[in-house]
Amino acid sequence: QGFARAMRKRVGASPSELAADADRLAAVGESLKRPASSSASQSPAIAVEIVDFAPIQLVAVRNTGDYAELNIGYNRVFELVIGELGEESIQAIYGIPHHDPATFGASELVFDCAIQPARMPSAHEDLKVIETPGGACLHLVHEGDYDDIHTATDQLYEIAIAHGLALSDDLPLLHYRTPPDALPEADLRSDIYLFLADI
């Protein structure tokens, strides 16, 4: 949904509208081969890079409901993993949003609250094992409140479109560098990854 919104903003049509009109699709394809107009560069510069992401294995609790309440899912995944493996087993905190909060109602949102453990815990009905994709990604370091990360993800979609980058069908991957209560909001850092299509 974020990609469709960014595409509409960039070219005035959604991907499904373009797919239904071959001539318009061809014209848009040509326009995307050219650099974005100078008006696009008037927004504040953000540091974006293409990186190679090695696949990792995560365990997650799937949270359904308002993204503002993700602490419920994270508390559960921490409880299960730390209870079995200890706090030192937590290597990193991740998130995988399945829905765009600007498009779906709060009660419909699905988000995988995930951690990368040093080793896999025992199977549990609440835990889901996830193997992330790997390969080339568009990467953005987001600075500040984690609640704003979805807006930053939209910016990354817009950058991908403006530069004619083909994205894979994989969901965005969020890496939270620190727990949100460990630092002031202004000092929080997170990584946003959008996986690129194989060329």
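The values are calculated or read from the model by the stated rules, or taken from the named source; none is laboratory data. Since this is a predicted model, take the numbers as computed values, not measurements. Here the Cβ positions follow ideal geometry from the backbone for every residue, glycine too, while neighbour counts run over all protein chains shown. Areas reflect the complete protein model, heavy atoms only, side chains present, ligands, DNA and RNA absent. Shrake-Rupley method; radii C 1.70, N 1.55, O 1.52, S 1.80 Å.
Before moving on, here are some points about what is shown:
- If you check Leu171, Leu183 for being out of contact with any strand residue (DSSP E or B) (no Cβ under 6 Å at 6 or more places or on another chain), open to solvent by 40 Å² or more (accessible area, probe 1.4 Å) and not hydroxyl-bearing (Ser, Thr, Tyr), only one passes: Leu183.
- In the condition set (1) closer than 21 Å to Thr178 by Cβ; (2) open to solvent by less than 20 Å² (accessible area, probe 1.4 Å); (3) not small (Gly, Ala, Ser), Glu143 is compliant with all but (2).
- Taking the criterion of being in contact with a strand residue (DSSP E or B) (Cβ under 8 Å, 6 or more places away or on another chain) and among the β-branched types (Val, Ile, Thr), the residues of segment 102-142 that qualify are Val110, Ile115, Val129, Ile130, Thr132, Val141.
- Subset of segment 81-107 that is touching a residue at least 40 places away in the same chain (Cβ under 8 Å) and open to solvent by 30 Å² or more (accessible area, probe 1.4 Å) - its residue that is nearest to Asp169 (Cα to Cα): His98
- Residues that are within 11 Å of the chain's Cα centre (by Cα) number at least 1 in the following strands (runs of 3 or more DSSP E) confined to segment 90-150: 90-97, 110-117, 135-143.
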